[in-house]
């Protein structure tokens with residue numbers, strides 16, 4: 001197995017066969033990462049010296065920092081700039097809502113064991129220098145030697161062991177799973193044996209073949225599976241006693257010391273609250289930060305360089321100005337040119353006014369393509385736990401779902417809500433994703449109210465009251481309740497409501513606060529929920545696929561315990577059986593056949609419906625900022641967008 005393989009793992013998200021087989025590198029591409037040794041072998045170009053920001057060079061001259069050569073790992077990561085090597089200096093101005101708006105800054109610069117390339121077809125080196133397997137059961141991972149935390153302490157397998165043994169298995173945070181930690185134990189590590197081989201090497205050992213494991217390593221839930229053990233141990237009860245951490249938590253205003261640990265020391269969001277926390281990120285929180293302005297300054301030990309040996313990042317600092325919400329005041333800051341780079345919080349409705357003010361604000365509008373199959377999808381709960389037995393059966397009737405889909409005028413929504421951007425379509429995988437089926441994209445997606453009425457008549461809803469509303473067998477009006485989290489989907493849902501009501505089915509739109517929305521969803525209470533359709537790899541059945549059958553999903557994801565088991569002989573058993581096979585099948589062609597069968601099941605059952613998908617996400621970029629790509633895809637889990645823009649190589653051209 002060639003050393004050039006490193007971490008390029010064929011996944012097949014975009015027009016490539018899904019596989020965990022490693023493939024050889026053939027050429028370097030802009031916007032991608034390579035081990036230095038691989039970059040030199042591929043290009044024939046040697047990087048013999050390293051350079052640094054003037055602000056760090058001055059500190060090195062004063063003896064406050066080691067020379068740049070000593071701060072970089074033995075085999076640093078080389079990032080090929082999108083356009084050309086940049087210049088040091090400058091401040092990137094942004095807006096956020098404070099630490100609770102963690103993903104604003106987190107998705108700008110989070111690292112991981114590996115990162116995906118910009119097609120989603122390959123995986124690139126990051127914290128890990130290499131990942132190798134011969135049988136898809138045992139994966140040997142090597143941390144790059146000399147990689148350092150932002151305080152200069154070397155990264156070793158002890159940092160992984162501390163996270164896994166002390167926090168996960170040791171019980172310091174046992175049972176505490178929430179947004180502060182992300183997913184404490186990523187699902188693909190459940191049942192995995194982890195062996196520490198030496199200072200830099202560890203093994204992930206599975207009982208069955210797990211060819212998709214490299215794919216999952218790039219997921220955002222793996223962004224926090226290592227902690228700076230030398231620092232964190234000072235706050236773990238195992239090492240300092242529970243009394244100390246309880247005292248610190250109380251002083252910080254916490255009654256729960258475990259939540260305090262998460263928020264300031266071991267959680268995925270800790271780096272936006274604790275300036276002392278060592279990180280591996282391109283920028284770290286400065287002690288100069290205030291409640292109104294969070295300042296992130298360059299990490300002097302960052303492990304990536306450009307093709308000329310310049311240590312990244314180019315930009316010195318990031319300023320995150322705090323606002324109460326992403327409202328019209330935020331829009332005014334955008335059009336006045338007070339924001340240098342941002343996608344977060346920008347509403348599609350603002351596109352026209354943003355485009356009209358480009359020259360005045362000295363910025364350019366970005367339109368980032370997405371992998372969303374539907375901006376707003378209606379998920380029909382197959383596990384409805386309400387008291388209305390008739391509605392439970394109606395929601396399970398595929399003809400009912402087909403009828404409502406046919407009642408929706410997608411062209412109207414496309415024009416009125418999205419100004420012709422995106423594409424009228426069914427909620428389904430988009431073109432380019434493995435499993436894409438053009439027939440699914442079109443399934444019951446035409447506007448045909450006559451056919452919708454006919455289907456509703458066929459299932460016994462052929463009687464109406466004096467106002468034209470369809471009646472159930474018990475004489476009550478047929479009414480569905482759609483729960484959603486405002487804002488964002490309001491306009492599209494209002495149009496969907498009006499379309500569905502034209503065929504005699506009354507619709508109640510019920511806004512919910514986000515946490516209540518998910519609490520109700522996870523207990524099976526809603527009839528129908530509205531949410532975006534898109535995001536992770538297998539958008540249908542993988543670990544994010546519980547909105548249409550949340551209790552079945554809990555049963556399946558919990559090792560077929562908990563939740564509610566599907567009825568014997570139902571299609572769900574075949575669905576989950578197929579997914580079990582997909583996750584262990586090592587033959588890419590066989591796996592592709594299994595995925596196709598899964599897609600067919602979803603296409604036939606239409607458990608969720610959408611109207612318009614692939615609507616680009618707007619953003620703004622300072623007209624002087626360079627190396628900002630215009631072709632990247634937006635995806636939360638895989639690309640951590642805008643992480644895939646590679647912000648560490650942005651720079652200003654005066």
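Couple of notes before you dig in:
- Taking the centroid of alpha carbons for each part, segment 324-380 and segment 236-263 are 40 Å apart.
- Highest average first, the peptides 121-133, 461-473 ordered by how many other beta carbon atoms sit within 10 Å of their residues are 121-133, 461-473.
- Packing rank of 622-629, 297-304, where each peptide gets the mean count of other beta carbons within 10 Å, highest leading: 297-304, 622-629
- For the chain, calculated [θ]222 nm from helices alone, where every DSSP H run of n ≥ 4 adds -39500 (n - 2.57): -7500 deg cm²/dmol
- Helix axis angle, 490-501 relative to the chain longest principal axis, alpha carbon, degrees: 20
- Rounded to the nearest 10 degrees, the angle from helix 398-407 to the longest Cα principal axis of the chain is 80 degrees.
- Segment 325-378: relative contact order as a whole-number percent, Cα under 8 Å and 6+ apart: 35
- Distance from segment 552-598 to segment 489-528 (C-alpha centre basis), Å: 28
- Cα centroid of segment 88-153 to Cα centroid of segment 272-309, whole Å: 14
- Highest-first arrangement of 263-273, 76-86, where packing means the average Cβ count within 10 Å: 263-273, 76-86
- DSSP beta bridges fully contained in segment 374-613 are about 60 percent antiparallel.
- Most simply put, the chain has about 75% antiparallel DSSP beta bridges, counting only bridges with both residues inside it.
- Direction-averaged projected area, Cα convex hull, segment 274-346: 6.2 nm², rounded to one decimal.
- Short to long, the 10 Å bins of the Cα pair-distance histogram for segment 415-467 hold 20, 31, 28, 18, 3 percent of all pairs.
- Compactness of the chain as Cα Rg over 2.2 N^0.38 Å, two decimals: 1.00
- For segment 374-613, the relative contact order comes to 33 percent (Cα pairs under 8 Å, sequence separation of at least 6).
- In whole percents, the pair-distance distribution calculated for segment 541-651 from its alpha-carbon pairs, binned every 5 Å from zero, is 2, 9, 14, 16, 14, 13, 10, 9, 7, 4, 2, 0, 0.
- Rel. contact order, % - alpha carbon contacts under 8 angstrom, at least six apart, the chain: 19
- For the chain, the longest principal axis of the C-alpha atoms and the axis of helix 449-458 are separated by about 70°.
- Three-way shape label, segment 552-617, alpha-carbon gyration tensor, a/c 1.5: oblate
- When Rg and Dmax are taken over the Cα atoms of segment 374-613, they come to 17.6, 60 Å.
Here, each number is a calculation from the coordinates, and none is a lab measurement. Fair warning: this is a prediction, and the values are worked out from it, not measured in the lab. Here the Cβ is made from the backbone with ideal geometry for all residues, glycine too, and neighbour counts use every protein chain on show.
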